[in-house]
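Okay, structure first, notes after.
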Ligand SMILES: C[S@@+](CC[C@H](N)C(=O)[O-])C[C@H]1O[C@@H](n2cnc3c(N)ncnc32)[C@H](O)[C@@H]1O
């Protein structure tokens, strides 16, 4: 088994429906509230790594009659974004395949650039931020939100979740990515040449039945009973990732010992 970082970057979560359905529930209000006060009608906005585009769609409403463009390296997810957006018939909203490492847009052509839960998957987050910076017009604003998986707390203790997180960290480090991206963000911005930065933090919590039920709604395969538990969400989510998404194929590529670990996690997820 080789622990060498593979030559090409892999988006670890992949675009299995179990993953994309959860992303598609995000909105500009729930995932990007911190940048909304900076958006004005008439702006041109780029959403980097837009996934199924539900956040981009909210941006399009805010910047109309300006334009919102979502880019993503995955042709499949861009197809989904287009079909979901078809329902809204927003004329100022477009999606296209593209990588932030090699944007096709001219420098200085966006008033706002945004990336939600993307940088933690990249091997070269500072290069990506440099590209985003170059795309900004004078006075433009960049909004980035990333996870910090190392700050996750579960109670009661769950051996299965510990294994799931260990697996997630292991695969990310093999891929050259940074699951603790949150704590690195300010430094990455500095290294990318940004002067003024504002940092805020948000905590997502499943501390009560209502919160858990809401999160569980992200997972149609996990109907919550009258007294939902965090497992209602996390179990099918882990099951989807470990059993069917790109995580599964990354584990297979990593080698047999990882596969055994994955089976144990998968068993937890199946219950
Ligand atoms: C965790 S998803 C987030 C999707 C969306 N922003 C959201 O929050 O719902 C990360 C997305 O970034 C995309 N991505 C990964 N590397 C990229 C790159 N170099 N350029 C653009 N998109 C990229 C992936 O294909 C994936 O759809």
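Go through region 104-129 and report how many residues are surrounded by 18 or more Cβ atoms within 10 Å (Cβ to Cβ) and either near the ligand (Cβ under 9 Å from one of its atoms) or assigned to a helix (DSSP H, G or I) (or both).
The total comes to 12.
Considering only region 130-151, state which residues are within 16 Å of the ligand (Cβ to nearest atom) and over 23 Å from residue 37 (Cα atoms).
Within region 130-151, 130, 131, 148, 149 qualify.
Of the conditions (1) surrounded by fewer than 19 Cβ atoms within 10 Å (Cβ to Cβ); (2) part of a helix (DSSP H, G or I); (3) in contact (Cβ under 8 Å) with a residue 12 or more places away in the chain, residue 83 satisfies every one except a single condition; which number is it?
For residue 83, the failing item is (3).
Kindly indicate the residue of region 41-80 that is in a loop (DSSP other than H, G, I, E, B) and touching a helix residue (DSSP H, G or I) at 6+ places or on another chain (Cβ under 6 Å) and also nearest to the ligand (Cβ to nearest atom) among those meeting that condition.
Residue satisfying both the conditions and the ranking: 51.
Please go through (1) surrounded by 21 or more Cβ atoms within 10 Å (Cβ to Cβ); (2) modelled with pLDDT of 65 or more; (3) under 24 Å from residue 31 (Cα atoms) for residue 141 and return the number of the only condition it doesn't satisfy.
Against the list (1) surrounded by 21 or more Cβ atoms within 10 Å (Cβ to Cβ); (2) modelled with pLDDT of 65 or more; (3) under 24 Å from residue 31 (Cα atoms), residue 141 comes up short only on (1).
The values are calculated or read from the model by the stated rules, or taken from the named source; none is laboratory data. All figures in this text were calculated on a predicted structure; none of them were measured in a lab. All Cβ positions, glycine included, derive from the backbone under ideal geometry; neighbour counts span all protein chains shown.
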